Amino acid sequence: MMRIPHTPQELHLQIDRLWDGSTCPDDRLHADAFVSQTKEGILFRVDAPMLYDQKVPDAPMGTRVEKLWEFDVVELFLVGPGHRYLEVELGAGGHFLALGFDSIRHPCDVFESFSPVLRFEKTSEKLWKSSLTIPWKMVPENLRALNAFAIMAGQFLAYSPVPGQQPDYHQPDRYPSVSL
């Protein structure tokens, strides 16, 4: 069982395998997600590669973008009791999306009024970095599992693989256990 550490420690989720656990053919696509607790909520931080042909939406930086998963993105799924879970996405162009689910693929909240302090930068090391704090009121109570994924250059990567014939990240019962 993973434990989400109290700040300043972070849980490091290295996203370096394809969604099914096989080796990613392009190590330039590897991303890192970091999760830690703060007084305000859970800090979700991403370091991911800048690609020559980065796929980003045509929307102002720092805004919420519907269907952000259709672009280059890193996703964090936080799972509570049953099949209640939260999906938070940070995009390669400085965008975000948060969706709450009360069962698998059944959204119960799209958090349209959520306007986090989103930090985004492109570094000289050819990385994009982004972070936001997920308020405690959005985090599923009794957090039991989590997983992180990346979609970049048409590849679907995972911190912890999920089964199936095609990528399907909405498998909360397959995620590693976690506790606060």
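Within 13 Å, Cβ to Cβ, of Val110, how many net charges do the neighbouring residues add up to if Lys/Arg are +1 and Asp/Glu are -1?
Neighbour charge sum, excluding Val110 itself: -4.
Tell me which aspartates and glutamates have Cα within less than 18 Å of Lys129's Cα, excluding those fewer than 8 residues away on the same chain?
Glu10, Asp16, Asp27, Asp32, Asp47, Asp53, Asp72, Glu75, Glu89, Glu121
Taking 7 Å along the Cα-to-C-beta vector as the label spot, tell me the Lys55-Trp136 distance in nanometres, rounded to one decimal.
Simple spin-label model gives 3.8 nm for this pair.
Name the GluC sites (Glu not before Pro) in the range 53-100 that are in a loop by DSSP and that have at most 16 other C-beta atoms within 10 Å, would you?
Those satisfying the criteria are Glu66.
May I ask you to sort Lys55, Lys39 by Cβ crowding, counting other Cβ atoms within 10 Å and putting the fewest first? Intermediate values should be presented prior to the final figure.
Details: Lys55 16, Lys39 8.
Neighbour counts put them in this order, fewest first: Lys39, Lys55.
Where Lys and Arg each count +1 and Asp and Glu each count -1, what net charge lies around Thr133 among other residues with Cβ under 14 Å from its Cβ?
Charge balance in the 14 Å sphere: +2.
Please list, in chain and number order, the residues 5+ apart from Phe71 or on another chain whose amide H is under 5 Å from its amide H, with Hs placed from the backbone.
Residues meeting the amide H criterion: none.
Using a 10 Å cut-off around each Cβ, can you sort Trp19, Trp136 from fewest to most neighbouring Cβ atoms? Let's see the in-between values first.
Details: Trp19 23, Trp136 13.
Ordered by Cβ neighbours within 10 Å, fewest first: Trp136, Trp19.
Neighbour counts of other C-beta atoms within 10 Å: give me His95, His83 arranged from fewest to most.
So the residues, fewest neighbours to most, are His83, His95.
With a cap of 14 neighbouring Cβ atoms within 10 Å, and only residues DSSP puts in a loop, list the GluC sites (Glu not before Pro) found in the range 94-140.
Listed in order of number, the matching sites are Glu112, Glu125.
In debye, nearest 20: dipole of the range 2-179 around its Cα centre with unit charges on the Cβ of K, R (+) and D, E (-)?
Magnitude of the dipole: close to 400 debye.
Where a number appears in this text, it was derived from the coordinates with a stated rule and is not lab data. Remember, predicted model here, so these are calculated numbers, not experimental data. Heads up, the Cβs are rebuilt from the backbone with ideal geometry, glycines too, and the neighbour counts pull from every protein chain shown.
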